[in-house]
Structures are given as structure tokens and as C-alpha cells.
Amino acid sequence: MKEVKITKIKEVLSNFDNCIKNKKPFSLIRFGDGGLKYIDAIYKNDRKFLKEIITKEGIPDNKVINILNLWGFFARNANYIDSPYIYYSGKFWERCKKKNKPISSTTDKKMKKWKELYDIAEIYNNSYCNPEINYLVCLRIGRNKNLLDIMKNRKIGFITAVPEIHDNLKMFNIDVFNIVKHYEDHYKNSYKNIIKIIEENATKYDFWLVAAGELGRIYTGTIKFNSGRAFDIGFMAEYWAFGNIHSRLSYFIKPNPNNNLEFIFTDEGSKYKNNI
């Protein structure tokens, strides 16, 4: 596999922080395996699998291609997008379901051909980040600044289906914009309202955090398009709300005993500290 440069966490956060300070537009968009599966299902015209995805994510059948086109547009204009290359580089832990349980061969094949799938969707951007960056930016590594440090004394908009985070993040200045959960017709019941909120308020916040599934990539891109700053935080919202962390990650990172909103490395995870 051809070597791909993955921007280190410290550099991503420094760039993000500088954009906030200087009021410059910013977006970080992650596609992960979910985005690859969506692209692959469209490319192969796998109607059965595509139906499963769009039913869960609340995407109307007649908007499937439009959503894909918007992904491409916003990804081409993002500061960073993720690349699964890191899982196969030997410099980071491999993608797995949980300890000693690999992902399915089908998912593995899609992730290995990520660049081909990105090209199909016209996702052209060479500024790559780690797909797990939403968790990694919340690591406490020595004296390095993490996302929680950046959140202090900033006004933040948070788009999420778990409004419960507000109680656990009450030390921060956060306005939560709630969306419906999976299988609740996201596009029909939340999408237009959130787009309107973004268009009217993108620059009223120092930055936005977005945890909104497949449509969330459009929210993140729309925020930057409207001169705001947005970071795709994904399932970190679930962690902040309920303390839930994917089993695949618990072997490598764990809650910081001094602050359970952030993580520290486990002994196994610390092996990769210099590479992230």
C-alpha cells in the first residue's frame, strides 16, 4: 500500500486552535468505515445494503446521490479528512471489533480500497488525519494541549442526538442543537432545521462540534462554507454523555482518573504515542 502522510494530532489541534483565534474557517470531516460502505453500496448498486444504511441514518432514497455529491464537495474543501491507511501502516493499532477480534473481511476490503472509493465520490484532499482522531484529540499526553483545553473559555455549538452531554459538559459554554436518533428519519425531522441554524449562526460560535452520523459530514462542511469552524467529534458525544467507549479502543486508551472527560494511554496504547 502506497505510503500516505497522516497529520499528527498535535499539528491538527494547533491548526484548529489558530483558526479559532484568527476566526478563519475550518472543518475536519471523518468518513470512517461507514462512509466507505455507503460509497461502495452506491457504486455497486447494492440496493439491499444501501437500504439498511439509509434507513438507519434517515436519508431519503431520492437524496442518496445528492448526499454523496455534498460529501465530495465539502471534503474537497475541508482542512482535514480521515484516511484508513493508518491501520495498515504498522504505526498505529489495527482496526478491530474488539481485542483479538478482527473486523469482517468485507469491511477490511473496503477499507483497504479507501482511495479508490474516495475517488469514486470525488473526495480529493491530501490533508489526512487518523480516523480515530475524535478520541485521540481527547488524550492527555504530557503537557500537550488537547481538545478539552481548546474548549475552555470558548463559545461552542454542539450538534448531537445525545443532549445529555450538556450536564456532563456544564463547565463549558455549550449550546446543544438536538437531532433525532438513528431510525427516526433524520433528514425529514432534523436536517433542514439544522442547516438553517448553521446558516444563521455559523460565526456566532468560536467553533462547533458535530456528532450526527452520515448527514453530520454535511453539517460540518456547511459550517465551514458559512465561515465557521467545525470538528467532527462523532462517538465522543456518546462517551461524554454516558461513558460509553468502543470496545475496540479500550485496549489502547482509558479514562483519565484525574478527569474522566479525557483519556490516557493504556500500556499497549502507549507503544504508539510517538506516531499519533
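With Cα atoms defining each centre, region 61-125 and region 155-193 are spaced 25 Å apart in the structure. Database remark: amide H of E262 closer than 5 angstrom to the amide H of N256 (H placed geometrically; neighbours at sequence offset of 5 or more, or on other chains; Pro and chain starts carry no H). Semi-axes of the equivalent ellipsoid of region 27-83 are 21, 12, 10 Å, computed as sqrt(5λ) over the eigenvalues of the C-alpha gyration tensor in descending order.
Only Cα sites of the chain enter the Debye sum here, all with the same form factor; the resulting log10 I(q)/I(0) across q = 0.07, 0.14, 0.16 1/Å is -0.23, -1.02, -1.39, listed in q order.
A Gaussian network model of the chain, with springs between Cα atoms under 10 Å, assigns the largest mean-square fluctuation among D17, D185, D149 to D149. Give me log10 I(q)/I(0) at q = 0.18, 0.20 Å⁻¹ for region 128-271, Debye formula, one equal scatterer per alpha-carbon, no solvent. Log-scaled intensity ratios, in q order: -1.07, -1.28. If you wrap region 101-172 in the convex hull of its Cα atoms and look at it from every side, the mean projected area works out to 8.4 nm². Across region 159-240, Cα-Cα distances exceeding 17 Å account for 41% of all pairs.
Across the chain, where is the longest run that never hits GluC sites (Glu not before Pro) in a DSSP loop with at most 15 other C-beta atoms within 10 Å? Segment 4-93 is the longest.
Give me the net charge for the shell around F225: Cβ to Cβ below 13 angstrom, other residues only, Lys and Arg +1, Asp and Glu -1.
Numbers: positive: R76, R217, K224, R229; negative: E199.
Spelling it out: positives minus negatives among the neighbours equals +3.
Of I253, I59, I197, the residue with the greatest mean-square motion in the GNM of the chain, using alpha carbon springs below 10 Å, is I197. Across all Cα atoms of region 1-136, the radius of gyration (one decimal) and Dmax (whole number) stand at 15.7, 47 Å.
Only the coordinates and a few stated rules stand behind these numbers; no lab work does. Keep in mind the model is a prediction, meaning the values are calculated, not measured. Cβ: placed from backbone, ideal geometry, glycine included. Neighbour counts: every protein chain shown.
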